[in-house]
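Enquirer: Encoded as structure tokens, here's the structure I'll be asking about.
The values are calculated or read from the model by the stated rules, or taken from the named source; none is laboratory data. Keep in mind that this is a model prediction, so the values were computed, not measured. Every residue, glycine as well, gets a Cβ built from its backbone with ideal geometry; the counts of neighbours run over all protein chains shown. Just so you know, the surface numbers come from the protein's heavy atoms only, side chains and all, with ligands and any DNA or RNA stripped out. Shrake-Rupley method; radii C 1.70, N 1.55, O 1.52, S 1.80 Å.
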Amino acid sequence: MVRKAALLALTVVVLLGQPAEAGSDRRAARDVIGGLVAPQGMFPWAVRLSMGCGGTLIEPRVVLTAGHCVDGTGQSDSIRVTAGVTDLKSRRAQTARSVRVIRAEGFIDETRGDDWAVVRLDRPLRLPTVALAKDAIGAGQFVVMGWGQTREASIEQEERLHYASVPIVPDEKCAAAYQKAAVALVPDEQLCAGSTTADTCQGDSGGPMVGHGRHGEWVQVGIVSWGLGCARDGFPGVYTQLSTFRPAIKDAVRRLRL
Ligand code: ARG
């Protein structure tokens, strides 16, 4: 996900004291440079799912992920969850299994919006949960993470959680770019973010994009959904816009308990 060569270039630029990129600030740059591999405990609600996606713990027994990461709505014991660790092979990992899944009703495929799903676990995990953003975000830097590929051409997933800071790309700019690739964005349901130096990639889907809440706590604003390649010039990553779906997700979480 975090592309190492590009990161090195970014490091050099930042050390030379030049803006890494329009719109990025010092804190954001430090996030990427200082935090290629997430330290244990930094994102305690970030989880890995066995089908090769990411997710977040939004309740002790509920994981939020992308709609395209699951098969649909219904009983399911096929998803294994690894939680509480940066390193998936760590003996401190907590594990659980899915019992039930609810996928967004309107889901067709990731490019058409509605790309979210909630998974009920067979047991509560003793870990912090992350809050979902209420308000839409328009601009700024946000943190993305996952155990996915660190390069577009890589065939490997990572053993350790990687994170990066990405700038939001305005809807119009993103829509214009993807129009060239014959994909129509759904602006109310999607957020675009990323640059040629930082992006998510295959295997990061379902994982979070987070920002800081009013009290400095992490708040989830997006779900990794799709992109044309990874970190390609002009083609940012596309994320599910959580503020749009918060009520529907809360409702689905309630129905998961029934
Ligand atoms: N669809 C991918 C997955 O299933 C996520 C791709 C994100 N791509 C990007 N360029 N941000 O893991």
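Enquirer: Under the rule that an exposed site lies in a DSSP loop and has at most 10 other Cβ atoms within 10 Å, name the longest stretch of the chain with no GluC sites (Glu not before Pro) of that kind, not counting the sites themselves. Don't skip to the answer; put the middle values down first.
Expert: Values: sites that count: Glu105, Glu156.
Counting at most 10 other Cβ atoms within 10 Å as exposed, the longest clean stretch of the chain is 1-104.
Enquirer: Kindly provide the trypsin sites (Lys or Arg not before Pro) of segment 186-256 that DSSP labels as loop, not H, G, I, E or B, and whose Cβ sees at most 13 other Cβ atoms within 10 Å.
Expert: Here the trypsin sites (Lys or Arg not before Pro) that fit, given the DSSP loop and packing criteria, are Arg214.
Enquirer: Right, something else. I'd like the trypsin sites (Lys or Arg not before Pro) in segment 143-211 restricted to DSSP loop residues with at most 15 other Cβ atoms within 10 Å, sorted by number.
Expert: Numbers: sites: Arg151, Arg160, Lys173, Lys180; in loops: Arg151.
Filter output for segment 143-211: empty list.
Enquirer: Still on this model: Tally Lys and Arg at +1 and Asp and Glu at -1 over the other residues with C-beta under 12 Å from the C-beta of Arg214: what net charge comes out?
Expert: Values: positive: Lys134; negative: Asp135, Glu217.
Here the count lands on -1.
Enquirer: Here's something else I'd like to know. How big is segment 168-258 on each of its three principal axes, counting only the C-alpha atoms and giving the largest first in Å?
Expert: In descending order, the Cα extents are 43, 30, 25 Å.
Enquirer: Continuing with the same structure: For Ala153 and Leu258, what is the calculated FRET efficiency with R₀ set at 45 Å and r taken between the beta-carbons, to the nearest 0.05?
Expert: On the way: r = 45 Å, r/R0 = 0.99.
Given R0 = 45 Å and the Cβ-Cβ separation, E is 0.50.
Enquirer: Follow-up question, since we're still on this one. Measuring from centroid to centroid over Cα atoms, what is the spacing of segment 44-97 and segment 201-258 in Å?
Expert: Using only Cα atoms, the two centres lie 15 Å from each other.
Enquirer: Now a separate question. Which loop trypsin sites (Lys or Arg not before Pro) in segment 74-132, with loop taken from DSSP, have no more than 15 other Cβ atoms within 10 angstrom of their Cβ?
Expert: Taking segment 74-132 and a limit of 15 other Cβ atoms within 10 Å, the loop trypsin sites (Lys or Arg not before Pro) found are Lys89, Arg91, Arg92, Arg126.
Enquirer: At a 1.4 Å probe, what is the % contribution of carbon and sulfur to the accessible area of the chain?
Expert: 51
Enquirer: Could you tally the net charge around Gly146, taking each other residue with its Cβ under 11 Å from the Cβ of Gly146, Lys/Arg +1 and Asp/Glu -1?
Expert: It works out to a net charge of -1.
Enquirer: In units of 2.2 N^0.38 Å, what is the alpha-carbon radius of gyration of the chain?
Expert: 0.94
Enquirer: 7 Å from Cα along Cα→Cβ at both Arg80 and Arg126: what's the point-to-point distance in nm?
Expert: Distance between the two pseudo-spin positions: 2.3 nm.
Enquirer: Could you work out the local net charge near Leu132, counting Lys and Arg as +1, Asp and Glu as -1, over the other residues with Cβ closer than 10 Å to its Cβ?
Expert: On the way: positive: Lys134, Arg246, Lys250; negative: none.
Neighbourhood net charge equals +3.
Enquirer: So, one more: How high is the relative contact order of the chain, in percent, counting Cα pairs under 8 Å that sit 6 or more residues apart?
Expert: 23
Enquirer: Stokes-Einstein at 37 °C, 0.692 mPa s, Kirkwood radius from Cα pairs: D for segment 118-202 in µm² s⁻¹?
Expert: D = 212 µm²/s.
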